[in-house]
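As structure tokens, the structure follows; a few thoughts come after it.
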Amino acid sequence: MSGLELWLAWGGVALVGALLALDETSLAQTWLSQPLPAALLAGLVVGEPAAALVPGFFMQLIVLGNLPVGAASTLDATSATVGVVAGALIGGWNPPEGGSPLVAFSGEAAWPVGLQMVLMALASLAGGRLIQLQRQAHLAWKLAAYRRIRDGDFTMVDRLHRKALVVAAARGGAMSLLIAAVVAIGWSWSGDAVPAAGREILARLPLVAVPLAVATLSERFGHPRAVPVLVVTVGLGLAAGWWLA
């Protein structure tokens, strides 16, 4: 990337992170903030959308049961996905088989995907703590607003809503940009820093994500009701894999 392209990429990462943080629970909830579409958008702003789909696909499998419904979600998979995927791509990672998830099952090319999965999981847990702190701040603001409402100041509700949206956007943009910067800086030496035994372990993590997703679907829908969903999903996955191969 040229200097201008790099600055535009960093700005795009922050913008995507901010918009998707709002989409997660605060605004439209289009589910573009889910890891797979979030990774695609992150890839678009850094010029590698196909490659970005690979780690996004496996992160989607990991958080399949963590739906952003109300206050139920305790993770920040959105910022983690945007930051890690964008940072790895800016840092020079590019899978040899382009945008096919099959790259995660092809030996030496698989361990960087596993490494991104670990980084996304850790960043998601850390970001989830920030979300909890943000919600605690929202509660304090609401309690203060109740007193103003009793005094007849109903404009306080609109101001509180706008304030909450700004904070959510700032959190998503800042977290995505910070994670992307850290990953991009460290990615260039990750190849030498990860020993051979560590690479073998990381290369197996994408394999674990598949049964994890199957178990999550089975638990959420109930084992008997999940069977048709799983059969269709496996069939589509095999067909897609055959076509990509």
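Miscellaneous remarks
- Ser106 closer than 21 Å to Ala170 by Cβ, among the polar types (S, T, N, Q), surrounded by fewer than 23 Cβ atoms within 10 Å (Cβ to Cβ) and modelled with pLDDT under 85: no
- Tally of residues being under 20 Å from Leu217 (Cβ atoms) and open to solvent by 50 Å² or more (accessible area, probe 1.4 Å) across the range 28-63: 4
- Looking across the range 1-25, just one residue is out of contact with any Pro (no Cβ under 6 Å at 6 or more places or on another chain), at pLDDT below 90 and under 22 Å from Met59 (Cα atoms), and that is Asp23.
- Answer residue from the range 209-233, given it is in contact with a helix residue (DSSP H, G or I) (Cβ under 7 Å, 6 or more places away or on another chain) and under 26 Å from Ala110 (Cα atoms) and is modelled with the lowest pLDDT among those: Leu230
- Being closer than 23 Å to Ala39 by Cα and either open to solvent by 90 Å² or more (accessible area, probe 1.4 Å) or at pLDDT 80 or above (or both) is a condition met by at least one residue of the range 130-151.
- In the set (1) under 30 Å from Ala164 (Cβ atoms); (2) at pLDDT below 80, the condition left unmet by Pro96 is number (1).
The values are calculated or read from the model by the stated rules, or taken from the named source; none is laboratory data. Every value quoted in this text rests on a predicted model; they were computed, and no experiment measured them. All Cβ positions, even for glycine, are placed from backbone atoms using ideal geometry, and neighbour counts span all protein chains on display. Just so you know, the surface numbers come from the protein's heavy atoms only, side chains and all, with ligands and any DNA or RNA stripped out. Shrake-Rupley method; radii C 1.70, N 1.55, O 1.52, S 1.80 Å.
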